[in-house]
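Where a number appears in this text, it was derived from the coordinates with a stated rule and is not lab data. Worth saying up front: this structure is predicted, and the values here are computed from it rather than measured. Note: ideal-geometry Cβ built from the backbone for every residue, glycine included; neighbour counts use all protein chains shown.
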Protein chains: 2
Amino acid sequence: MTESRHTVNIKSRHSVTIKEVAERAGVSLMTVSRVVNDKGLVKEVTREKVQKAIEDLNYRPNISARRLAGGQALFIGLLYHNPSPGYLTKILLGSLSACRRNGHHLLLEDLGEKTPDSEPKEVARSLKAAGLDGVIITPPMSNHMPLIKAIEAAGLPVVRVSPDNIHTTKPRVAMDDVLAARHMLQHLVDKGHIRIGFVKGPSDHPSAHHRFEGFEAGMAENNLALEDALILEGDFTYRSGLDAGRILLSLDQPPTAIFASNDDMAAGIVASAHMLGLNVPDDVSVAGFDDTELATNIWPELTTIQQPIVEMSRRAVELLIAVIRNDKDTVNAYRGLMDFKLMSRDSVQSID
Amino acid sequence: MTESRHTVNIKSRHSVTIKEVAERAGVSLMTVSRVVNDKGLVKEVTREKVQKAIEDLNYRPNISARRLAGGQALFIGLLYHNPSPGYLTKILLGSLSACRRNGHHLLLEDLGEKTPDSEPKEVARSLKAAGLDGVIITPPMSNHMPLIKAIEAAGLPVVRVSPDNIHTTKPRVAMDDVLAARHMLQHLVDKGHIRIGFVKGPSDHPSAHHRFEGFEAGMAENNLALEDALILEGDFTYRSGLDAGRILLSLDQPPTAIFASNDDMAAGIVASAHMLGLNVPDDVSVAGFDDTELATNIWPELTTIQQPIVEMSRRAVELLIAVIRNDKDTVNAYRGLMDFKLMSRDSVQSID
DNA sequence: CCACAAAATGATAGCGCTATCATTTATATA
DNA sequence: TATATAAATGATAGCGCTATCATTTTGTGG
């Protein structure tokens with residue numbers, strides 16, 4: 001903050017226009033616009049003069065004027081269907097942030113009211129009729145192929161968030177569940193656990209396969225044999241975790257650690273341990289997946305895999321813009337899978 | 001959808017302008033604008049003609065143009081600090097919806113990075129400098145009086161969401177915790193419960209007082225005596241619910257129902273019951289408050305009080321706009337407390 | 001110094017709509 | 001019928017900015 005700034009009557013965000021900056025810097029409107037938009041073709045001396053005027057006047061561009069004049073504002077649809085609130089929050093934060101930065105509109109579309117199973121074509125048509133330029137589809141609808149095909153057939157570009165087929169060549173944003181599950185398994189092995197139980201998600205759910213695949217790969221890497229009695233299947237609910245935990249912890253030789261395919265089931269397993277008078281993590285360590293709100297609500301807090309949801313949704317917006325703009329460089333730059341994070345908390349400990 | 005619509009080449013949302021509607025309806029731009037904005041001074045016959053043209057062409061106003069021309073777009077700051085994700089989601093959905101409908105900008109401000117306890121004036125100054133027209137403050141910051149006073153002193157109108165002092169004459173949006181708690185207590189009594197335990201929130205938290213006040217009032221209305229041993233204090237965490245549940249359920253005469261001041265503690269009480277080999281709700285009914293995600297994640301699902309958060313945040317935006325516009329009628333219309341909803345689920349049952 | 005090309009800068013119409021003032025039409029009254 | 005008033009409609013400048021074309025400045029080579 002320069003001293004001269006305190007003598008300027010700053011009324012509101014919209015009072016300082018590009019005209020005033022131009023006058024103060026002694027250049028034209030267009031030169032200010034070029035500086036603001038990093039357009040090049042501006043001499044460094046001139047640029048510095050303009051930058052100073054911008055700072056002195058606390059100039060902020062008027063987004064509405066930019067959009068109207070530039071005619072470049074896109075309308076991006078974000079489709080969701082019964083997400084967990086924690087997941088939707090992060091999706092919203094990331095996508096809103098990316099839209100704001102790029103001067104685009106984000107329109108939320110809750111498919112819960114639309115019974116998408118019945119009429120994919122009708123949904124696609126109404127999205128098109130709403131004037132959307134492209135669509136981001138979040139789980140679980142990111143795996144609903146009839147709907148996706150209908151939207152693409154309607155001529156709308158689509159970016160999918162965490163589709164089950166992460167190897168698709170179509171635009172998608174995802175992290176690697178297999179690698180993340182291997183990482184968690186390795187974490188348990190590094191803590192000395194050898195006898196490790198695993199609770200799968202529902203077999204009709206491909207992400208459940210990916211997580212199990214990572215568990216299997218990690219066991220193989222550590223030359224640990226899979227034992228059928230230690231591998232059960234749940235349905236991603238707390239109740240199914242309760243049931244699985246009761247079975248695993250009642251074995252003659254119970255596991256010293258249990259890795260559940262999501263946090264809800266992990267929380268149910270913790271509750272089962274407590275029902276059986278066991279202490280977590282002293283008697284059994286429990287790990288989850290997803291880092292939902294539940295993971296830190298219960299006691300002890302869960303060790304789990306955190307998905308970078310905010311960053312994924314931000315990237316989904318940027319990828320969709322690149323697709324719409326036919327910006328192949330950016331599309332290619334975003335092919336990679338995103339990093340996850342292992343959140344080590346109180347539900348896992350080393351074997352003494 | 002009329003038949004004639006299918007013969008129109010609809011390119012995108014921005015292709016149909018007010019000019020095209022005017023031509024089709026045989027009126028001026030301003031007449032279309034008046035119809036679109038419900039401005040009055042338009043004959044019914046003319047209005048119908050314009051409406052038909054709007055529908056035929058699927059005209060949608062260009063928000064950027066409206067904001068730029070109208071010069072009425074406000075920048076509304078939404079301040080939050082470590083909210084639960086479920087809470088923030090609903091706040092976002094409601095406030096975004098209200099902002100979109102009114103053509104205003106919503107700017108999110110996460111106070112978590114700003115250590116608001118240290119510099120309320122600095123926070124207020126930066127909000128003002130960002131060009132905001134007004135601010136919505138969500139819990140827990142809606143009770144941070146130094147910050148609120150600093151923001152008001154900086155000349156920014158403030159609307160608080162769920163402040164602890166719901167009787168304040170300053171603009172706020174809230175529901176009645178006392179009445180809601182009375183309602184839940186009555187629900188338990190109507191189910192035949194007489195011996196009812198209560199777990200308070202932390203005594204330095206005014207909403208905890210309100211909920212206890214409602215419990216007390218409901219007990220008095222039903223001529224039920226308060227028994228000290230049945231009333232404990234937790235700190236709104238799952239762990240404190242575990243502890244309180246263990247104590248209450250180990251009494252010589254345990255309660256037949258326990259009402260916890262929030263869902264986290266209620267979930268901990270359910271876990272304690274399970275640890276003690278008790279069945280919920282057969283052996284003890286458990287009720288919570290807030291209807292957080294946790295309430296339906298655990299098993300059995302909690303009977304609880306649901307706050308109308310989406311509607312509250314929508315109203316907060318509209319109230320703030322009314323304050324900024326000095327629209328006293330609307331400000332007065334929004335003085336009332338908002339309705340809650342009792343969500344009756346599996347954790348409470350009648351005494352046989 | 002001159003000619004030419006490239007870089008830098010400037011002027012302005014227009015983006016879609018609305019606030020405001022001007023004009024036209026309809027209605028009421030004498 | 002004439003006049004005044006109210007209701008309804010229309011014309012247009014301008015909101016803040018950018019795409020585009022025009023003009024000026026600078027740098028290079030002969």
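Considering only B:P157, B:A295, A:T17, the residue lying farthest towards the positive end of the dipole of the protein assembly as shown is A:T17, judged by Cα position with unit charges set on Cβ.
Extension gain, B:S350-B:K328: 0.36 nm per intervening residue step, less the Cα-Cα distance, totals 3.2 nm.
Could you tell me which residue out of A:F236, A:G192, A:M265 lies farthest along the dipole of segment A:177-306 toward its positive end? Charges go on the beta carbon: Lys and Arg +1, Asp and Glu -1, centred on the Cα centre. Checking the options against the dipole of segment A:177-306, the answer is A:G192. Shielding by partners for peptide B:61-67, expressed as the average number of C-beta atoms from other protein chains within 10 Å of each residue's C-beta, is 5.
Count Lys and Arg as plus one, Asp and Glu as minus one, and take only other residues whose Cβ is under 15 Å from that of A:E48; the net charge is then +2.
When both segment A:169-218 and segment B:161-195 are represented by their alpha-carbon centers, they are found 45 Å apart.
Taking the Cα centre as origin and putting +1 on Lys and Arg beta-carbons and -1 on Asp and Glu beta-carbons, what dipole magnitude results for the protein assembly as shown, to the nearest 20 debye? Please report the intermediate quantities before stating the final value.
Values: 78 positive and 90 negative charges, 1038 e Å.
Dipole magnitude for the protein assembly as shown comes out near 4980 debye.
In the protein assembly as shown, helices alone account for a calculated mean residue ellipticity at 222 nm of -13500 deg cm²/dmol, with every DSSP H run of four or more residues adding -39,500 (n - 2.57).
Judged by the mean number of other Cβ atoms found within 10 Å, the most tightly packed of the peptides B:197-204, A:275-282 leads the ranking B:197-204, A:275-282. A simple charge model with +1 on the Cβ of Lys and Arg, -1 on the Cβ of Asp and Glu and nothing else charged puts the dipole of chain B at about 2540 debye relative to its Cα centre.
Inter-chain neighbour count for A:288-300: the average number of beta-carbon atoms from partner chains within 10 Å of each residue's beta-carbon is 4. Neighbours of A:A153, meaning other residues whose beta-carbon lies under 13 angstrom from its beta-carbon, give a summed charge of +2 when Lys and Arg score +1 and Asp and Glu score -1.
For chain B, the share of alpha carbon pairs falling in successive 20 Å distance bins from zero is 26, 42, 26, 7, 0 percent. Sorting the segments B:44-51, A:143-150, B:245-252 by their mean number of nearby beta carbons within 10 angstrom, highest to lowest, gives A:143-150, B:245-252, B:44-51.
Sequence-distant contacts, meaning Cα pairs under 8 Å at least 6 residues apart, place the relative contact order of chain A at 15 percent. Packing around the peptides A:285-293, B:290-298, taken as the average count of other Cβ atoms within 10 Å per residue, puts them in this order, highest first: A:285-293, B:290-298. Summing charges over neighbours of A:L342, with a neighbour being any other residue whose Cβ is under 15 Å away from its Cβ, gives -4 when K and R count +1 and D and E count -1.
For chain B, the longest principal axis of the alpha carbon atoms and the long axis of helix B:206-221 meet at an angle near 60°. In this structure, the pairs whose alpha-carbon distance is over 21 Å, taken from B:K170/B:K328; A:K90/B:K200; A:K43/A:K328; A:K149/A:K170, are A:K90/B:K200; A:K43/A:K328.
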